[in-house]
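Comments concern the structure below.
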């Protein structure tokens, strides 16, 4: 390829980088610009690794994209200097930039589901990239190289699996395949944009291990973009904290995590849920163990499909929720936790087993008979964007369940909605605003207000904070705790993030393959897990503290 | 795959059965004397009586319909009073006004319509997808704006304007082509092609505008997907991104639309057939409708329906071939 740059030169040198996107839809007419990255400078030494962390909107991905010149021809305005392995990215012509992309610096994207061409065999896709950069390579050689890198990233039977299409791979295998594509042309730098965010915690741990091994083996540099400080803590040497497009703080990862200099970094760290820390104030309330159960599921089962295509999503699950307590449900994707949650509030009918609410069997009730219970069993959904109707004002959305109940007149409904908005920490004046005007955290507060509206006894929260930044996450979790204390709500808290669940739960249920593998008081399960699966899950959680090794 | 096709065929038969009930009901239970209508205006009372007898109009409606279905599946014998007239298996009855079996009339007309449909479809698909592809490749440029304008104009120009323009230009003014007169393919393939050229182009142009717009929009949609970004980030050239990665994802909607279009073309592209004097099914349908030749109208509707249903099955199979994730079951 091009001449080897001198080793004294840094692998990546970014100085005064600014990226601005045209604001609004009238972009061409010289409207305003939104500055996503503002005067950013950093370097990565040869073979070094840098983690760029920050909350959503901090500009961390935008900065990473600039390393490969990916903003070219997108209408974005890029200024400043970006040098990668001696190549001036800003000054390179289109052909030189194409040689850089994949050949010198390779990118691994967040979502392995959508980042591969669904129509082509995975091996062919890697071979295509290889031949872009090794023009003299034959088809056969490219295919052999694809099998070789797939084998390297741990795809079993790589030569045969190279002929599979992406939908035949699991999420973790797809991410491995993307990493294999990145490896194909032996780049000097790997840029990974949230490479494990879409993956389960055990798969995440495997991918992070793979990245570490590959770096040790090839000596390539790494720029890792992540919102998860735990992921960054174990994977990079240096950390760059970003906020509003600017660098807040930069330094060696241990120094920065142990003794953060800036308030923002300290706040960010404080908001990160720790899996090894007990729930503050746990046991104080003495969650009524002697109270009669509010909701009792016995042998609950849900099958989808029929005949030989049938899938049992939830299989013989028994669970009790008492008034005022929080039951945490954790599990990886496909464990059936969401299906269980939807059955508990009877948004979904069980195909087997019994579901009792205050002693009354509601498992087999028809929609009409259920109406009496609807107001007492509510649900908060994961995605605060798509679970609110974008064409209705948030006040109207919150009022819907009240109108459905039909007990209050219009004036009383509006008064109640304003009260609810205030209760979840929003200005009651936002009644007539629309969902797109709110941030993710605010939207989740609106979702909670809507669930609270009919004065429920039990709320099932399905991944309520997993789409939110850590600081927002902490606020929403705190709000749920307050509401529970003040209103005596019972909560079922479903999440894949073990640390978040620990922060809120009195009791914990661990699910796998539609069954409960372990159940008990939260602290007991976290501190003395009995089932091997629970132990594996806990060991896979990335930790901020270097000393806090898994048991 | 075989199981899938069998299931689809069964479904198709169901659809056609419903269709036959609806058209049969509309035309035979309509007010007025069906026998008089079917026989035509110049019939004397004896002839009408014979028609009534042949259509078994004395029987209850469900029996009449049963005879109609029986005729399609197994053929039918009509008594002419002195002799028995046999009508072979797909028998759609008799056109009294033309003194002909309806099936024979259809068979006579089908080649012209099929020629037009196949050729026009080829022209519109080639031209449409190529135009769409080009405007997606040159997005944002002058080429794209010109092409967008042209396709818009194409959609907005009725075939009797564009067809007339083509006729005047190539046949009258330049005299490069003869004024089209249909020559069957089996008679003289070369003359067939030369004479069909203008109808193909006229109908194909009109239809191609739709495909150009569809190809362009679904290509742009695919180009915004994450996997395209992946290959862009690995140095794959823009042109190859379109032809090698985006195109395949974009053909789905084109296949679906073209199947429906192709099927309905078998009902006759009426304006084009009339304009170029093609003895096709469309022209037959127009004539049958104006003279209230009910058996012919029913038969044309059934043929069109069958073509649409078959085309859709073919489209679904092609769709699955283009996208391996689609499992046919």
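Normalized C-alpha radius of gyration of the protein assembly as shown, against 2.2 N^0.38 Å?
For the protein assembly as shown, the normalised Cα radius of gyration is 1.21.
Order these by the 10 Å Cβ neighbour count, fewest first: B:103, A:74, B:2, A:471.
Going from least to most buried by this count: B:2, A:74, A:471, B:103.
Order of B:55-62, B:155-162 by packing, highest average Cβ count within 10 Å first?
By packing density, highest mean first, the sequence is B:155-162, B:55-62.
Tilt of helix A:139-152 relative to the longest C-alpha principal axis of chain A, in degrees (0 to 90, nearest 10)?
Relative to chain A, helix A:139-152 is tipped by roughly 50 degrees.
For helix B:2-28, report the angle its Cα long axis makes with the longest principal axis of the Cα atoms of chain B; keep it between 0 and 90° and round to the nearest 10°.
50 degrees
Could you work out the relative contact order of chain A, using alpha carbon pairs under 8 angstrom and six or more residues apart, expressed as a whole percent? Intermediate results must be reported in sequence, preceding the final value.
Numbers: 1090 pairs, mean separation 80.2, N = 551.
RCO, chain A: 15 percent.
Compute the projected area of the convex hull of the Cα atoms of segment A:54-195, averaged over all viewing directions, and report it in nm² to one decimal place.
Over all viewing directions, segment A:54-195 projects a mean Cα-hull area of 9.2 nm².
Just to be sure I understand the curve: with the Debye formula and one point per C-alpha of segment A:444-531, what is log10 I(q)/I(0) at q = 0.23 Å⁻¹?
-1.22
What ranking do A:64-72, A:477-485, A:443-451 get when scored by the average of other Cβ atoms within 10 Å per residue, highest first?
Ranking, from highest mean packing down: A:443-451, A:64-72, A:477-485.
Take chain B, connect every pair of alpha-carbon atoms lying under 10 Å apart with a spring to form a Gaussian network, then pick out the residue of B:280, B:204, B:140 with the largest mean-square fluctuation.
Looking only at B:280, B:204, B:140, the largest GNM fluctuation is found for B:140.
Ratio of alpha-carbon Rg to the 2.2 N^0.38 Å globular estimate for segment A:254-377, to two decimals, please.
1.46
Arrange B:107, B:270 by Cβ neighbour counts within 10 Å, fewest through most, would you? Please list the in-between numbers first.
Numbers: B:107 11, B:270 16.
Neighbour counts put them in this order, fewest first: B:107, B:270.
Take every Cα pair under 8 Å in segment B:172-329 that's 6+ residues apart, average their separations, divide by the length, and report that relative contact order as a whole percent.
Relative contact order for segment B:172-329 comes out at 22 percent.
Where does helix B:61-74 land angle-wise versus the long Cα axis of chain B, in degrees 0 to 90, nearest 10?
That helix lies at roughly 70 degrees to the long axis.
Looking only at other chains, what is the average number of their beta-carbon atoms within 10 angstrom of each beta-carbon in B:220-233?
6
Compute the relative contact order of segment A:142-185 as a whole-number percentage, counting only Cα pairs closer than 8 Å that sit 6 or more residues apart in sequence.
Taking the mean separation of contacting Cα pairs over the length of segment A:142-185, I get 48 percent.
Return the equivalent ellipsoid semi-axes of segment B:204-289 as a descending list in whole Å, where each equals the square root of 5 times an eigenvalue of the C-alpha gyration tensor.
After scaling each eigenvalue by five and taking roots: 41, 11, 8 Å.
Run through every distinct alpha carbon pair of chain B and return the Kirkwood hydrodynamic radius in angstroms, one decimal place.
About 22.7 Å, per the Kirkwood formula over Cα pairs.
Compute log10 of I(q)/I(0) for segment A:80-149 with the Debye formula, placing one identical point scatterer on every Cα and leaving out solvent, at q = 0.24, 0.25 Å⁻¹, to two decimals.
Those come out to -1.09, -1.12, one per q.
Considering the zone a paramagnetic label at residue A:262 would reach in this model (a point 7 Å from Cα along the Cα-to-Cβ line), which residues of segment A:39-75 have amide N under 15 Å from it?
Residues A:39-43, A:51-61, A:63 qualify, since their backbone N sits under 15 Å from the label point.
For segment A:401-470 and segment B:187-234, compute the distance between their C-alpha centroids and round to whole Å.
That distance is 50 Å.
Averaged over B:234-242, how many beta carbons belonging to a partner chain fall within 10 Å of each residue's beta carbon?
Numbers: counts 19, 15, 8, 4, 3, 0, 2, 0, 0.
Mean partner-chain Cβ count within 10 Å for B:234-242: 6.
Fewest first, what order do A:420, A:458 take by the number of other Cβ atoms within 10 Å?
Values: A:420 23, A:458 20.
The order, fewest Cβ neighbours first, is A:458, A:420.
On average, how many beta carbons from a partner chain sit within 10 Å of the beta carbon of a residue in A:115-122?
6
Given the Cα-Cα distance of residue A:96 and residue A:197 and 0.36 nm per residue of separation, how much length would full extension add, in nm?
Full extension of this stretch gives 33.2 nm more.
What value, in deg cm²/dmol to 500, does the helix sum -39500 (n - 2.57) over DSSP H runs of n ≥ 4 give at 222 nm once divided by the residues of chain A? Show your work: numbers first, answer last.
Numbers: 19 runs with 193 residues, N = 551.
So the calculated ellipticity at 222 nm is -10500 deg cm²/dmol.
How would you order A:213-224, B:223-234 from highest to lowest mean count of nearby Cβ atoms within 10 Å?
B:223-234, A:213-224
Quick note: the coordinates plus some simple rules give every number you see, no bench work behind them. Please read all numbers here as calculations on a predicted model, not as lab measurements. Cβ sites come from the backbone with ideal geometry, for glycine too, and all protein chains shown count toward neighbours.
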